[in-house]
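Please treat every number below as a calculation from the coordinates, not as lab data. All values reported here derive from a predicted model rather than from experimental measurement. FYI the Cβ positions are ideal-geometry reconstructions off the backbone, even for glycines, and counts take in every protein chain you see.
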Amino acid sequence: MTRSREEIFLYSLSAYTAASLLITLLILLASLAAMRFFFAGLCLALGAPKVYLIKPLLFDSCGFAVAAALTGAFQYFAVSLFRFCGAGRGALASAVLFMSVFCGLFFWRGALYTSLGGYAYSGLAVTLAALLGGLEAVFLDKSENPWPPSTASYFG
């Protein structure tokens, strides 16, 4: 039984959407955990009274850096796998654009009641990282794809 290209694209798009939202939630939790670990490490290094002299912006920037790095890396690998569905670059780029905005809004809404939610543009780091990672995977050559060519048979 063979499937049409449109059916394969829709299944791949729904899997990409679900994986992106799940990973964005996990990235939010990982960035909050990184902030806690950074704070605990500074407590051990400087002592508890002196760690409160450091501005909270340093801890928040640690969380945003972790979120941006993990989002960019995940989107690169997810979109490079998504390319095997056989869609054109225009369709892939529009899917990446939609998911980057949607993941940024999802991150912003999830971070709203945490320490990262105090910034009006908290989802912007995730949006830009998803755009950079995803569009890099859309426009790379087929020979540079990080997945082995044997996975192409799963989509055919």
How many angstrom lie between the Cα centre of region 9-40 and the Cα centre of region 77-144? 11
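With 10 angstrom as the radius, rank Cys103, Cys43, Cys85 by how many other C-beta atoms surround their C-beta, starting from the fewest. Can you show the working numbers first?
Details: Cys103 27, Cys43 14, Cys85 22.
Arranged by neighbour count, lowest to highest, Cys103, Cys43, Cys85 become Cys43, Cys85, Cys103.
At 222 nm, what value in deg cm²/dmol follows for the chain if DSSP H runs of at least 4 each add -39500 (n - 2.57) and the sum is divided by all its residues, to the nearest 500? Spell out each step's value before the answer.
Numbers: 5 runs with 110 residues, N = 156.
Value at 222 nm, helices only, nearest 500: -24500 deg cm²/dmol.
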Give a residue-ordered list of calculated ³J(HN,Hα) values for region 42-50 (Karplus: 6.51 cos²θ - 1.76 cosθ + 1.60, θ = phi - 60°; whole Hz; x for Gly, Pro). 5, 5, 5, 6, 9, x, 4, x, 7
Mean-square fluctuation maximum in Gaussian network of the chain, Cα pairs under 10 Å, restricted to Val51, Val138, Val66, hits Val51
So Arg89 and Leu105, fully extended at 0.36 nm per residue minus their Cα-Cα distance, gain in nm 3.3 nm
So for the pair Leu29, Ser61, with labels modelled 7 Å out along Cα→Cβ, what separation do we get in nm? 2.9
Between 0 and 90°, nearest 10: helix 89-110 axis offset from the chain longest Cα axis: 30
Among Thr127, Thr71, Thr24, Thr17, which comes first, second and so on when ranked by fewest other beta-carbon atoms within 10 Å? Thr17, Thr127, Thr24, Thr71
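For Arg5 and Lys142, what does the FRET efficiency come to when R0 = 22 Å and r is the distance between their Cβ atoms, rounded to the nearest 0.05? Working shown, then result.
Numbers: r = 17 Å, r/R0 = 0.78.
The formula returns an efficiency of 0.80 here.
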Förster-model FRET efficiency, 41 Å R0, Tyr52 and Ala73, C-beta, rounded to 0.05: 0.80
When a footprinting reagent is the concern and you count Cβ atoms within 10 Å, what order do Asp141, Asp60 take, fewest first? Asp141, Asp60
With springs only between Cα atoms under 10 Å, which of Leu116, Leu29, Leu140 fluctuates most in a Gaussian network model of the chain? Leu140
Suppose R0 equals 30 Å; then what is the FRET efficiency for Phe37 and Phe98 from their Cβ-Cβ distance, rounded to the nearest 0.05? 0.35
Roughly what would the spin-label model give for Leu124 and Ala18, points 7 Å off Cα along C-beta, in nm? 3.4
